[in-house]
Amino acid sequence: MLPPTKSCAAAAGRSHPAKPSGARGVRGACVLLLNIIFLAGAASKVAAQASLPSCHGAQQPKLVAELLFGRDIGNRVGVSEAAWRSFVAHEITPRFPDGLTVIAATGQWRDPARKRIVREPSRLVMIVLPGNSDDQARLAAIVGAYKHRFQQHSVGVILQSACASF
């Protein structure tokens, strides 16, 4: 067995051992440090598992993205049906070709400058993410393209864990 100061220093990521203040003090500090490291690792593993749902049968844990697109530009509907279909075809579908759902909606938000509720026609796009490392970047590219093309201040993005099967 290694002396406690060496294993404790290695566990703490130090290249030099702690100065001993007595064998019991060093061993106690080392045991405490190792317990903290163990508990921190266990806590992060539990937190990660808690965020994933427990799925049954053919269902698998997935992330679902909900994108909220307002269609007003200024005080008028500025994103026509044809412009919306073109945006979906050229920006969303190429990034998530496996499928998505578009729902017509009415959204509302509080205009801080005028201190009033603004309602506008909207689209909700739901995408079961494939689980690729660039899913977030693809979503960000869609948001950026919509904001730029239609002079929007924001696009809502909600990510949720879910069980999915197709």
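In the range 116-142, the residue that is surrounded by the most Cβ atoms within 10 Å (Cβ to Cβ) out of those that are over 16 Å from Trp84 (Cβ atoms) and polar (S, T, N, Q) is Gln136.
Could you please find all residues in the range 41-77 being under 30 Å from Tyr146 (Cβ atoms) and at pLDDT below 85? Ser51, Leu52, Pro53, Ile73, Gly74, Asn75, Arg76, Val77 - these are the residues of the range 41-77 that are under 30 Å from Tyr146 (Cβ atoms) and at pLDDT below 85. Across the range 155-166, which residue is farthest from Thr93 (Cα to Cα) among those that are touching a helix residue (DSSP H, G or I) at 6+ places or on another chain (Cβ under 8 Å) and assigned to a strand (DSSP E or B)? Only one residue tops the list, namely Ser161.
Taken across the range 143-154, residues that are surrounded by 15 or more Cβ atoms within 10 Å (Cβ to Cβ) and in a strand (DSSP E or B) do not occur at all. The residues on offer are Ala82, Ala58, Ala113, Ala105, and the sole one that is surrounded by 11 or more Cβ atoms within 10 Å (Cβ to Cβ) and among the small types (Gly, Ala, Ser) is Ala105.
What strands (runs of 3 or more DSSP E) lie completely within the range 59-136 and have 1 or more residues being without any contact (Cβ under 8 Å) to a residue 40 or more places away in the chain? Give the steps one after another, and end with the answer.
Details: elements: 60-70, 101-111, 116-128.
Strands (runs of 3 or more DSSP E) meeting the threshold: 101-111, 116-128.
Only one of Gln108, Gln136, Gln152 is within 22 Å of Ala89 (Cα to Cα) and modelled with pLDDT under 95. Can you tell me which? Before the answer, list the steps.
Details: Gln108 fails: within 22 Å of Ala89 (Cα to Cα); Gln136 fails: modelled with pLDDT under 95.
Among Gln108, Gln136, Gln152, only Gln152 is within 22 Å of Ala89 (Cα to Cα) and modelled with pLDDT under 95.
The values are calculated or read from the model by the stated rules, or taken from the named source; none is laboratory data. Quantities reported herein were computed from a predicted structural model and do not represent experimental measurements. Please note: Cβ atoms are built from the backbone with ideal geometry, for glycine as well, and neighbour counts cover all protein chains shown.
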